[in-house]
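Nothing in this text is a laboratory measurement; each read-out follows from the coordinates by a stated rule. Predicted model only: the values in this text are computed from it and were never measured. All Cβ positions, glycine included, derive from the backbone under ideal geometry; neighbour counts span all protein chains shown.
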Amino acid sequence: MQQEKTAYIFSGKAKDVYEKSIDTLLFEFTDRVTAFDGKKKSECHEKGEITCKVAEYWFKILENSGIPTHYIECPTSTSMIVKRLDIVPVEVIWRNYVAGSLLRRYEAGDNLIPEDVEPKEGSLIPGGMIDFTTKFEIVDRPVNTDEIISNGWLSKEEIKYIEDLTKRINEIMSHELATSGIILADFKVEYGRTSDGNIVLADEVGTPDGCRFWKKDDFDNGVISSLDKDVFRKNNGDLNLAYNELYNKLHNMNM
C-alpha cells in the first residue's frame, strides 16, 4: 500500500520530498539517476528501493553508535520519514582514497592531495581527509573554512564538531565493512540544525549514490571495480547489477 503523503515540496536528483507534518518530512526514493550536475540522466530499476534500504541500514548503525541523525522510520520500501531540519548549505566529503573531483582538481592545478600521496586514482590517503563544497548553488564548488565562516553558514566550533562527527562516521562505516569485501573510498554527507539548534546528520548516508564503494579483491589485484554511481558516470557496466551486488553484500552482513 502506498504511503499517504501530504504536501509536495520539491524533487531532488534522486528523491521527491513531501511535508509529512510541521516537524517531519517524507522522502520518496526514486529510480532516477543523474551525474555531472544533472547533465546525464537515466533511470535504474529498483534503485529507489535499494538506496532507501541501504540508507536505513546505515542510519540505524550510526544512531546505535551515538551519531545524531534526522532518521525516524521507513514506512515503505521506498520511503523514509525524517525530522525537519534547517539544512547547512555545505556538503562534507570524507576521502580515504584519491578519486573523483579530488583528482580532477589536482589535474586542473588545485593541489589538495597530501604531499606523501601519489596523485592517481586509488592512492590511499593515510588518516583520510575532509573536503567541503557548497550546496544550493547551481553548480557545487569547493569552499574553504574561511568562506564558510564569513558567510555565516557555520561557526569555527561547528566546523570542528562536523569534522569530528564525519571522521567518526567514516570509522564506523569502515569498521562495519571490514569483513564485507568492500572498500569505502569516499563519501559525502549533509548536516542540518534542529529547531533547538543542534547539528545532526541529514539527507541520506552510505548509499551508492553518495559513496564510492570498491571491490576489495579486485583492488588488491590492481583493478578498481565500482559498486556505486561511478558505473553510470563512466559507462562502465550495468548500474542495476552494481547496486544489487552492493545491496546483497550488505544484506549478507545482517542488513
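Amide H of Val143 versus every other amide H placed in the peptide plane: which residues, excluding those fewer than 5 positions away on the same chain, fall under 5 Å? Placed amide hydrogens put Phe132, Thr133, Thr134 under 5 Å from Val143. Length, then width, then depth: along the principal axes, the Cα atoms of the range 115-255 run 45, 37, 30 Å. Across the range 85-244, C-alpha contacts under 8 Å between residues 6 or more apart give a mean separation that, scaled by the residue count, equals a relative contact order of 23 percent. Normalising the Debye intensity of the range 100-176 to I(0), with uniform scatterers on Cα atoms only, and taking log10 at q = 0.20, 0.22, 0.27 Å⁻¹ returns -1.12, -1.22, -1.27. Evaluated with a Cβ-only charge set (Lys, Arg +1; Asp, Glu -1), the chain carries a dipole of roughly 380 debye about its Cα centre, given to the nearest 20.
Please compare each pair in Lys39/Lys229; Lys83/Lys156; Lys135/Lys216; Lys53/Lys229 to a cut-off of 23 Å on the Cα-Cα distance and tell me which ones are over it.
Lys83/Lys156; Lys135/Lys216
Largest mean-square fluctuation among Leu201, Leu124, Leu112, in a Gaussian network model of the chain whose springs join Cα atoms under 10 Å apart, belongs to Leu112.
What pairs in Lys47/Lys249; Lys120/Lys167; Lys60/Lys167 have C-alpha atoms more than 21 Å from each other? In this structure, Lys120/Lys167 exceed 21 Å between Cα atoms. Dipole orientation for the chain: of the candidates Asn144, Gly181, Val223, Val223 has the Cα lying most toward the positive pole (charges on Cβ; Lys, Arg +1; Asp, Glu -1).
Only aspartates and glutamates eight or more places from Lys234 in sequence, or on another chain, were considered; those with a Cα closer than 15 Å are Asp37, Glu121, Asp209. Put the Cα centre of the range 1-77 next to the Cα centre of the range 197-255 and the gap is 16 Å. Working ranking of peptides 66-78, 203-215 by packing, defined as the average number of other Cβ atoms within 10 Å per residue, highest first, is 203-215, 66-78.
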